[in-house]
Every structure is written in C-alpha cells, then in structure tokens.
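These notes are about the structure you will find just below.
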Amino acid sequence: MASIKDVAAAAGVSVATVSRVLNDHPSVSDDARTRVLAAVETLGYRPNAVARSLRTDQTRTLGLVISDVLNPYFTELARSVEEEARALGYSVIIGNADERPDLQDHHVRTLLDRRIDGLLVSPAEGGSPLMLEAVRAGTPMVFVDRWIPGLDVPVVRADGRAAIRDLVAHLHRLGHRRLAIIAGPAATTTGSERVEAFREALAEYGVPLPDAYIGQGDFQAESGRRVTEGFLDLPEPPEVVFATDNLMALGALDAIRARGLQVPRDMALAAFDDIPWFVHTDPPITAIAQPTGELGRAAVRALVDRIEGRPPQSVTLPARLVVRRSCGEGRGNDNRDDNQTPVQRSTS
C-alpha cells in the first residue's frame, strides 16, 4: 500500500506539500497540485485517518468551544477556525456554551474524552476549574477572544481600546456629552475591559460616566433591550448608548423603536462587534469591527504550533471604528480632527 512518502517522492515534492494538497490548502502552486494529484491517482494512495491516529496517538482533531453560536461574531470565528484547521490537516468539533459555564464544561469534558489533539476556547463567564485541570494536565489549549487571567495559555484576541477611544472622540466631535454603556458580564475579560476603556476615554474629555449610565448586560439581545428601557426611563436619558456587543445593540435598537423613538434623532446608538446586518438597519449602525477571520486563523495556527512542538505565540490584533449614521453623522458637525486616529467610513 502506498504511503504519503511514496506520493511525495513520485511527485517530486515534500510530504508537507502533499498534505497541503490533500487538505486543499490555497498556498500550493497549480503545478505542484497537478503532480501530487497525479501521483495519488497512479499509486492509489488513500489516507487512513483511523490507522494514523493509532500510530501517532493523534486524532488530527481540534475542539472549539464558543460562547454563543447565535452571535454572528462567533459564527464567523468558527467558520475561519474550521477553514484554517482543514487547510492544516485537522478537523474541528464545535461546542456551543450559550454563555453558560456549566454547558461550557460539558463540552470541554466531552471533547477531552474524545481524545482531541488540542482545544480552542472562548471562556464563558468566570472560566472553569475543569479548564485549569486540563491546562495542568498538559492539554494543548489556546484562548480566543476572551481569556482566563492567571492561566499560562496563549491568547489570540483583538485590542479594542484604541477603537473605543476613537469612538468616544467621534461622539464628542458630534456634540454628545451624555454617553451610556451596556456592559457585558464583569466576570468576562471582554466585559470588564470594554467598560474600563470607555470610562478612560470619557475621562480624557472630562465627561463623567454616572452609575445610572452603566447598564449590566449578558451579551444577549434581551439584556440590551432591558437596559435601554431603563435608560429611557431616567429623568435625563443619555444621548448615546454604546452596546458592547452586537446582540445587545440589536436589543437596544428594539427598545428605542418600541417607544416610538428614532435613532439617532431621539437616541444615538453605537456597538462593539460589527456585523453585516448593521449596514442594512435604518440608519446603518456605527460600530467597532474586530478582525474576526484573522483571529480564528491565528488561533488555529497557535494551537497547531503547540500540538506539533513549536512554541506558540499570543496574538493581539487591532479593532477599528467603522463610522456610519446611527450617531448623528451627516448633520454637518462631524468633521474629523486631523489629530485623531483615522477611522474607516462605510459607504452605507
């Protein structure tokens, strides 16, 4: 029976190139792909995944536990993870934690029982002792988007602080002074970090952030709706609501419209985590975009490095502000200060 080394020799390429061709990796030249496929056909080579796992004690399978599969951000993240893993010769099993630590632990336990080679996790609120145990046992692991402080695990994430600072500067130029925030769970790193960054950015302009303008959400649409209703009931409602994830922003939009109010005339709205839907709302929503696809691909590469004995690296990529029309843009008072960090302006 022909082996992958036989195919590589017949095609005049390396074993790694054969692996890339068999996993449809785009980096392979057309000539090399043609020669490899011809050698595979001539030699009758058929990879045997089960036999390979028994020989190497590897399953060529990665586990991915995401916080909420209904959140478009995590859906895109999972897609990029699956594509990169496939290109590197791995399959992916996905578990949806639905923002529940107990369900997260169920998926982690199940994946470990199935002998996955490594684990990608976006931890739900508070993390879990099970992941600490897995790390101590030497399970290859990478955190993506969120992380658990104190664990020696590579983290692949976006840094939103500069983009939040750009957002606050943009809102200040538009004349907004009463700014409120819908925060994610304080026990998550992204939940606490975004509130802190927002507060610091407001302080640069001498703008306070009263407790009444901080609403506690849970990264779900219903919490965005509930918090915004509370803002609207205040004696002096905020001029702008900044939702720290896309689902809470959609909930906020529902709450504003349910009162017969309009964005941005009666209340402006901005969001963290841009999604394709935001260009189709009326008005299109100003948002902070994360490089989601790049994060997923970088997370897989870091995990595969760890699995294959190479030193993995944490990766931090910048988020960016995408200016649309949900904060009063286009009213003649949103000229950009040349000293501010450039932002991307949508054509929507």
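The values are calculated or read from the model by the stated rules, or taken from the named source; none is laboratory data. None of the values given here were measured: they were computed from a predicted structure. FYI the Cβ positions are ideal-geometry reconstructions off the backbone, even for glycines, and counts take in every protein chain you see. Surface areas here come from the heavy atoms of the whole protein model, side chains and all, with no ligands, DNA or RNA. Shrake-Rupley method; radii C 1.70, N 1.55, O 1.52, S 1.80 Å.
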Please list the non-local residues whose amide H lies under 5 Å from the amide H of Ser314, H modeled 1.01 Å from N, same-chain partners needing a gap of 5 or more.
Val155
Correct choice for mean projected area of the Cα convex hull in nm² that was computed from the model, options (i) 20.3; (ii) 29.9; (iii) 19.0:
(i)
5 Å is the cut-off here: which amide hydrogens, built 1.01 Å from N in the peptide plane, fall below it relative to Ser91, excluding neighbours closer than 5 in sequence?
Thr61, Leu62
Under a 1.4 Å probe, what is the accessible area of the stretch 198-332 per residue, stated in Å²?
42 Å²
The relative contact order of the stretch 224-281, taking Cα pairs under 8 Å that sit 6 or more residues apart, comes to a percentage of 40 percent
Given Cα pairs under 8 Å that are at least 6 residues apart, what percent is the relative contact order of the stretch 1-150?
21 percent
Measuring with a 1.4 Å probe in the full set of protein chains, what accessible area per residue, in whole Å², belongs to the stretch 127-186?
35 Å²
Kindly provide the helix-only [θ] at 222 nm of the chain, computed as the sum of -39,500 (n - 2.57) over DSSP H runs of four or more divided by all residues, to the nearest 500 deg cm²/dmol?
-13000 deg cm²/dmol
Just the number, please: carbon plus sulfur as a percent of the accessible area of the chain, 1.4 Å probe, no ligands or DNA/RNA counted.
49 percent
With point charges of +1 on the Cβ of Lys and Arg and -1 on the Cβ of Asp and Glu, referenced to the Cα centre of the chain, which listed residue (Val15, Pro237, Asn71) lies farthest in the positive direction of the dipole?
Val15
Can you compute the charge dipole magnitude of the chain about its Cα centre, using +1 on each Lys and Arg Cβ and -1 on each Asp and Glu Cβ, nothing else charged? Give it in debye, rounded to the nearest 20.
780 debye
The relative contact order of the chain, taking Cα pairs under 8 Å that sit 6 or more residues apart, comes to a percentage of 16 percent
